[in-house]
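Single-structure report; data block below.
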Amino acid sequence: MTNAPSQDELLRAKLNGETARFAWKELQRFFASGTVIAVHDDLDLVEVALQIANDNKEAVAQWMSAGQLGRVSDDQAQTWLDAEAELWTVVVKPWILVQQRAH
């Protein structure tokens, strides 16, 4: 007999399936509205999305205080635009999480 997947496992699988690469220029309008959050490449994008979806304020606060999670700065946005960067993204309404990873 197999165990049914937990709610976290189901949500993690859903979020993983919804990750995609987008050109930063396609995300600028969301940046302008303040809904884009940068995730440091040391973190697992899907795990961060899961914790945000589960409203895990402790984990989010820890990542923010460590500088691993936060709104995209104007300087970073311009750097990505100039480099024509493509970023990994996943949506956890109302946020769009973005992460630049090495190829």
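Values in this text are rule-based calculations from the coordinates and carry no lab data. The structure displayed is predicted, hence computed values, not measured ones. Positions of Cβ are backbone-derived with ideal geometry, glycine not excepted, and every protein chain shown enters the neighbour counts.
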Working only within the range 73-101, note down all residues that are out of contact with any helix residue (DSSP H, G or I) (no Cβ under 7 Å at 6 or more places or on another chain) and in a helix (DSSP H, G or I).
Asp74, Asp75, Gln76, Gln78, Thr79, Asp82
Filtered residues of the range 1-49 (kept if β-branched (Val, Ile, Thr) and surrounded by 11 or more Cβ atoms within 10 Å (Cβ to Cβ)):
Thr19, Thr35, Val36, Ile37, Val39, Val46, Val48
Ala83 passes all but one of (1) touching a Gly at 6+ places or on another chain (Cβ under 9 Å); (2) exposed (fewer than 13 other Cβ atoms within 10 Å of the Cβ); (3) of a type outside the set (S, T, N, Q); which number fails?
(1)
Subset of the range 63-103, residues farther than 17 Å from Asp41 by Cβ and polar (S, T, N, Q), comes to Ser65, Gln78
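Table: residues versus (1) closer than 24 Å to Leu10 by Cα; (2) of a type outside the set (A, V, I, L, M, F, W, C).
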{"residue": "Gln68", "(1), (2)": "no, yes"}
{"residue": "Asp74", "(1), (2)": "no, yes"}
{"residue": "Val91", "(1), (2)": "yes, no"}
{"residue": "Pro94", "(1), (2)": "yes, yes"}
Being in a strand (DSSP E or B) and more than 12 Å from Val90 (Cβ to Cβ) is the filter here; which residues of the range 26-72 pass it?
Ala38, Leu69, Gly70, Arg71
For the range 1-12, which positions are in a helix (DSSP H, G or I) and either in contact with a helix residue (DSSP H, G or I) (Cβ under 9 Å, 6 or more places away or on another chain) or closer than 23 Å to Leu81 by Cα (or both)?
Asp8, Leu11, Arg12
